[in-house]
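**Student:** The structure's right below; bear with me while I get my questions together.
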Ligand code: SF4
Ligand code: SF4
């Protein structure tokens, strides 16, 4: 069963990332079309949109919310 992070209680300490519990998502720049749908889905402010979207691995909490909204399947676990 996948674990989920509650954005209301996470304090961003990074301990879960250090332990390998959290696997940050990444965007494939070759397939991203820059639609911005993923940016709106991220409750942690981890995604910024430039020409294509970029996920900051230090902010991503592996909640998975961004992945299903991508119309081209450009988001995956690192
Ligand atoms: S999985 Fe996606 S929506 Fe969730 S925190 Fe990471 S970048 Fe944001
Ligand atoms: S939803 Fe997918 S195509 Fe749209 S900006 Fe995000 S990664 Fe790129």
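Any read-out appearing in this document is the output of simple, stated calculations on the displayed coordinates, not a laboratory observation. Just so we're clear, the structure is a prediction, and the values are computed from it rather than from any experiment. Because the Cβ atoms are built from the backbone with ideal geometry, glycine has one as well, and the counts that use them run over all protein chains shown.
**Student:** Which count do you get for residues in region 13-57 that are away from ligand 2 (no atom under 16 Å from the Cβ), in a loop (DSSP other than H, G, I, E, B) and surrounded by 11 or more Cβ atoms within 10 Å (Cβ to Cβ)?
**Tutor:** Residues flagged as away from ligand 2 (no atom under 16 Å from the Cβ), in a loop (DSSP other than H, G, I, E, B) and surrounded by 11 or more Cβ atoms within 10 Å (Cβ to Cβ) within region 13-57 amount to 4.
**Student:** Tally up the residues in region 64-78 that are in a loop (DSSP other than H, G, I, E, B) and in contact with a helix residue (DSSP H, G or I) (Cβ under 8 Å, 6 or more places away or on another chain), please.
**Tutor:** 4
**Student:** If you don't mind, there's one more thing I want to ask. Give all pairs with beta carbons closer than 6 Å in which a residue from region 35-47 that is free of Cβ contacts under 8 Å to residues at least 40 places away in the same chain and within 16 Å of residue 71 (Cα to Cα) meets a residue that is in a loop (DSSP other than H, G, I, E, B) and near ligand 2 (Cβ under 9 Å from one of its atoms); count only pairs at least 6 apart in sequence or on separate chains.
**Tutor:** 38/66; 38/70; 41/66; 42/66
**Student:** In contact (Cβ under 8 Å) with a residue 24 or more places away in the chain, within 9 Å of ligand 2 (Cβ to nearest atom) and assigned to a loop (DSSP other than H, G, I, E, B): does that describe residue 60?
**Tutor:** When the stated conditions are applied, residue 60 does not pass them.
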